[in-house]
Amino acid sequence: MCGIMGYVGPRPASPIILQGLKRLEYRGYDSAGVAVADDGVIEMRKAAGKLERLADLLDESAPSGRLGIGHTRWATHGAPTDENAHPHADPEQAFAIVHNGIIENFFELKAELTAAGRTFASETDTEVLVHLIADEYDGDLAEAVRRAVGRATGAYALVAMTVHEPDTLVAVRMISPLVIGFGDGETFLASGIPALLDHTREVLVMEDGEMVTITPGEVRMEKLDGTPVERESFEVDWDVEQAEKGGYPHFMLKEIFEQPRVIADSLLGRLDGTDVTLEDVTWDEEFERSLEKIWITACGTAFHAGLAGKEMFEGLLRVPTEAVYAHELRYRDPIVGPNSMTLAISQSGETADTLAGARLLHERGSRLVAITNVVGSALTHYSDDVVYTRAGLEISVASTKAYTAMLIAQYLLALRIGQSRGVLDTAMAMDVARALEALPGQVESLLKREEGIDEMARYLGAQLAEKDDIYFIGRGLDYAVATEGSLKLKEISYLHSEAMPAGELKHGTLALITEGTPVIVVNTQQHVYDKTVSALQEVKARGASVIAVAYDDDTEIEHYTDHVLRIPRTMDLLSPALSIVPLQLLAYHVADTRGLEIDQPRNLAKSVTVE
Ligand code: F6R
């Protein structure tokens, strides 16, 4: 989820690249850099931190060449430092590349290159690619790139240059986005349309497996297998703001729709059959076998992801698991026995309460595992292990894709630990792995399906926007999802909503249910399905207007509800990754109907770094 910019033309490249990166900065912001071909050398400027730091460097001394590449980084491998910032070059600085995505077989490639005597200046997966390109080069950059990417697996968009061909850029797209912009005697490459709009509106979106070679007089597109590609460019009529949001009216909606990609990225290179590889996890199998307790601590949406994790770890691993709000935990006197693991979950990795709660358990001897979206964030500094969530930069204050990525990280942990402990037999592990692999496609089809989950959520959202109080119920994992659905709704719509386990209703809240009170039920867990239906009948009998989230093939639910938001069937264990999607959309449409400031709700901040 980084930003890429490239330029070939008659003008000095650095200012054009910098301007493009500014337009892309929302995509990644922990470091940035440019490389420009200048008088037979590649000149690079790189800086950790915000883009202004790179701008300052370029103010001091900008390379004056007319071909170059640039990058803003959202770290996935290696902390956000000057060394890890892109572009990356080979030790001779004869080749440079920028890259967005993840190289799945990075460990193997790095080991191979190291054994062959190559040395690395950064911890990034990108650097292996530039070494591969240098290795493969025999006078034709395009051929070297083609052969190099043939050795790499994963998702990537990359742009490469070399001193040997100072008027050529070669770019490849494999899943991560890449767009070509056609100007007057100049050509641009970018990971997003916003970067191009100051210069041109004529663009061409590259497709997976395509490669482009750009020289001052020619743009040559082909497939990686060499087949030429002919595709017409088109005229973009978005303004820059619309373009930044990918054409969506709000970042929240864009981020909801990014979830299939986020889930796919979260699994990339980590799941092979039933084997789970987590790059920054260092414990051994013995630790997994001897695990006696799992603590989960977090706040807000991250806590709700942890609530789902608690249900899942206990159910699957049979390890006692306690999920505690970090702000509560930090002032408690927790009893931490031997062989425990603490999962501290935080999108930002900077939430003050989460840091304090996690630290307390760590000091008392629990192994601390950060689940976070931000490489090098405070939480990672004192954690023993880290599982990065790979959601990319989340801009909307209301978290959506980061939540889903947190679920996936926990599923991967459970699959791995369950097999080591012998509680997951091969068949069960296979079922979980297959269901995980199916998730990106299922979420994609849920978001795209013809009858339109988004349309349905818009229709229901308009009705709910008139209400004052909305209740969410569910049991087990469905309750965990209900808590997140309720939080999403209240934080952006400013309506009162609360979530409770379905069985709790009759112990008080039922008194609030009258004619037309909205009750939203999540009902996917088969072992408690009928129990939840009983709760539904109770609220229905008091006049509630019931919306259910249920599986496609559930033909019973409509007898007890007014509306059903359907999701594809999966293992019950994995349903939160699907059932949360309609609830996110519902919250979005309620807030949208009410005309509210969706991406920046009042009184809330994206990251709460004070107590
Ligand atoms: C809600 C939301 C917040 C955060 C919470 C923790 O949409 O975003 O509830 O989840 O402030 O933030 P992180 O995950 O950064 O620790």
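Rule-based calculations on the coordinates, nothing more; no lab input. Being a predicted model, the structure only gives us computed values, none of them experimental. Positions of Cβ are generated from backbone atoms using ideal geometry, with glycine treated the same way; all protein chains shown enter the neighbour counts.
Backbone amide hydrogens, once placed in the peptide plane, bring Glu322 within less than 5 Å of Ile294, Trp295, Ile296, excluding anything fewer than 5 places away on its chain. I'd like to know which of Tyr388, Ser366, Ala323 lies farthest towards the positive end of the charge dipole of the range 253-447, counting +1 on Cβ of Lys and Arg and -1 on Cβ of Asp and Glu. Most positive-ward Cα: Ala323.
Give a quick list of trypsin sites (Lys or Arg not before Pro) in the range 1-103 that DSSP marks as loop, anything other than H, G, I, E or B, with at most 15 other Cβ atoms within 10 Å. Display every interim value, and only then the final one.
Details: sites: Lys22, Arg23, Arg27, Arg45, Lys46, Lys50, Arg53, Arg66, Arg73; in loops: Lys50, Arg66.
Those that pass, being in a loop and sparsely packed, are Lys50.
A cut-off under 14 angstrom between Cβ atoms defines the neighbours of His559, and their net charge, with Lys, Arg +1 and Asp, Glu -1, is -4.
Note on the chain: the C-alpha convex hull projects to 27.7 nm² when averaged across all orientations. Going down the table (Lys254/Lys490; Lys448/Lys488; Lys293/Lys606; Lys22/Lys110), which pairs top 28 Å between alpha carbons? Table pairs above 28 Å Cα-Cα are Lys293/Lys606; Lys22/Lys110. Taking amide H atoms as placed 1.01 Å from N in the peptide plane, the amide H of Val564 lies under 5 Å from those of Ala548, each 5 or more residues away in sequence or on another chain.
Please return the longest stretch of the chain lacking exposed loop sites, where chymotrypsin sites (Phe, Trp or Tyr not before Pro) count only if DSSP places them in a loop and at most 16 other Cβ atoms lie within 10 Å.
Details: sites that count: Phe120, Trp238, Trp283, Tyr331, Tyr382, Tyr494.
Longest stretch, sites excluded: 1-119.
Taking K and R as +1 and D and E as -1, what net charge do the other residues with C-beta under 9 Å from the C-beta of His131 add up to? It works out to a net charge of -1.
DSSP bridge analysis restricted to the range 253-447 gives an antiparallel fraction near 10%, rounded to the nearest 5.
Starting from the Cα gyration tensor of the range 449-593, take the square roots of the eigenvalues, sort them a ≥ b ≥ c, and report rounded, prolate or oblate (rounded when a/c is under 1.5, otherwise prolate if a/b is larger than b/c, else oblate). Rounded, since a/c falls under 1.5.
Counting other C-beta atoms within 10 Å, and keeping those with at most 14, which DSSP coil GluC sites (Glu not before Pro) do you find in the range 501-547? Could you put the intermediate results ahead of the total?
Details: sites: Glu504, Glu515, Glu538; in loops: Glu515.
Qualifying residues, ordered by number: Glu515.
Near Arg364: Cβ cut-off under 13 Å, other residues only, Lys/Arg at +1 and Asp/Glu at -1. The net charge is +3. Distance from the alpha carbon centroid of the range 310-335 to that of the range 558-575 works out to 28 angstrom.
For the chain, what is the charge dipole size about the Cα centre, in debye to the nearest 20, if Lys and Arg each add +1 at the Cβ and Asp and Glu each add -1 at the Cβ? Kindly include the intermediate steps, with their values, before the conclusion.
Numbers: 54 positive and 96 negative charges, 303 e Å.
That gives a dipole near 1460 debye.
For the range 396-433, the list of trypsin sites (Lys or Arg not before Pro) that fall in a loop by DSSP and count at most 12 other C-beta atoms within 10 angstrom is empty.
Reducing the range 345-389 and the range 267-294 to their Cα centroids gives an inter-centroid distance of 17 Å.
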